[in-house]
1. Over 32 Å between Cα atoms: which of 15/143; 15/144; 63/108; 63/163; 2/102; 2/108 fall into that group?
2. Return the inverse of the average 1/r over all pairs of distinct C-alpha atoms in the stretch 31-160, which is the Kirkwood hydrodynamic radius, in Å to one decimal.
3. Considering only 110, 36, 156, whose Cα is most displaced toward the positive end of the charge dipole of the stretch 31-160, charges sitting on Cβ of Lys, Arg (+1) and Asp, Glu (-1)?
4. For the stretch 145-201, take the convex hull of the Cα atoms, compute a quarter of its surface area, and give me that in nm², please.
5. Per DSSP helix of 4 or more residues, -39500 (n - 2.57); summed, then divided by the residues of the chain. What does that give at 222 nm, rounded to the nearest 500?
6. If N is the number of residues in the stretch 91-136, what value comes out of its Cα radius of gyration divided by 2.2 N^0.38 Å?
7. Between the stretch 192-208 and the stretch 70-118, what is the separation of their alpha carbon centroids in Å?
8. Calculate one ³J(HN,Hα) per residue across the stretch 172-188 by plugging θ = phi - 60° into the Karplus curve 6.51 cos²θ - 1.76 cosθ + 1.60, and present them in order as whole Hz with x for glycine and proline.
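Quick note: the coordinates plus some simple rules give every number you see, no bench work behind them. The structure presented is a predicted model; accordingly, all values stated were derived computationally and were not measured. Quick reminder, even Gly has a Cβ in these numbers, built from the backbone with ideal geometry, and neighbours come from all protein chains shown.
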Amino acid sequence: MKGFQSIHERALARKGGEAALQELLPHVLTRDEIAVIPDSRFLSMMAKGINQAGFHWQVIENKWPQFEEAFLGFDVEKLAFLSDQAWDAYLMDQRVVRNWQKIEAVYKNAIFMRELAQEHGSAARFFAEWDHDDQLGLTQYLKKNGSRLGGMTGMIFLRRMGKDIYLLSRDVVLALQHAGLEIADQPTSLKDLKAIQSCFTQWHQETNIPYSHLSKIAAYSVGENYAADYILERMHQDQ
């Protein structure tokens, strides 16, 4: 595995220096800041990510105030105790995406959030206290216990809530591969995910840069010419 310095230098060159690059990096909240976010905001962001998956993001963004109204401000307690008839009625509600799988995910995740709150005092505290060095463990937990929160949906949800999280976008995966990590172009196997976690942990220990920033910088290090050169290199190796 290559160190992070060369990746950082390419990103700086592409984005016009350190000051310009810093302006583009996501804001990372402290554990204390995450712990006091209302649980309704976590459920809301889960629902937004699930509804944006496979849909035009801006359409959902524009419609989100209507979602908030329809789903009672994503109040966990209220939603957890809605009747079956109330949930069925969402299939006729023009304020939301009338797709039963996405509607059902709101209900299931309200139950999930309520259980976390009962065990940890609040769901927010659960997310705040999860060690940021174990992203794989947290994303696997979301995939197993939440509804439709696997893969990028779960990662994007956590990033939006201020958790220190790397994302596995196409550009990030490409940067990882060119750094020497032998992973699939769309890494989903546990073997690949463990290798990615190990790589990011190594970079984090090497630089003390937050995971969110590491993945964003890695993404910015990949330009069109760089991507094309890497693809040609891979094709040559496969011959």
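1. 15/143; 15/144; 2/102; 2/108
2. Evaluated over the stretch 31-160, this radius sits at 14.9 Å.
3. Farthest along the dipole direction, towards plus: 156.
4. 4.3
5. -20500 deg cm²/dmol
6. After normalising by residue count via 2.2 N^0.38 Å, the value is 1.54.
7. Cα centroid of the stretch 192-208 versus Cα centroid of the stretch 70-118: 37 Å apart.
8. Each residue of the stretch 172-188 in turn: 5, 4, 4, 5, 5, 4, 6, 6, x, 7, 8, 9, 5, 4, 10, x, 10 Hz.
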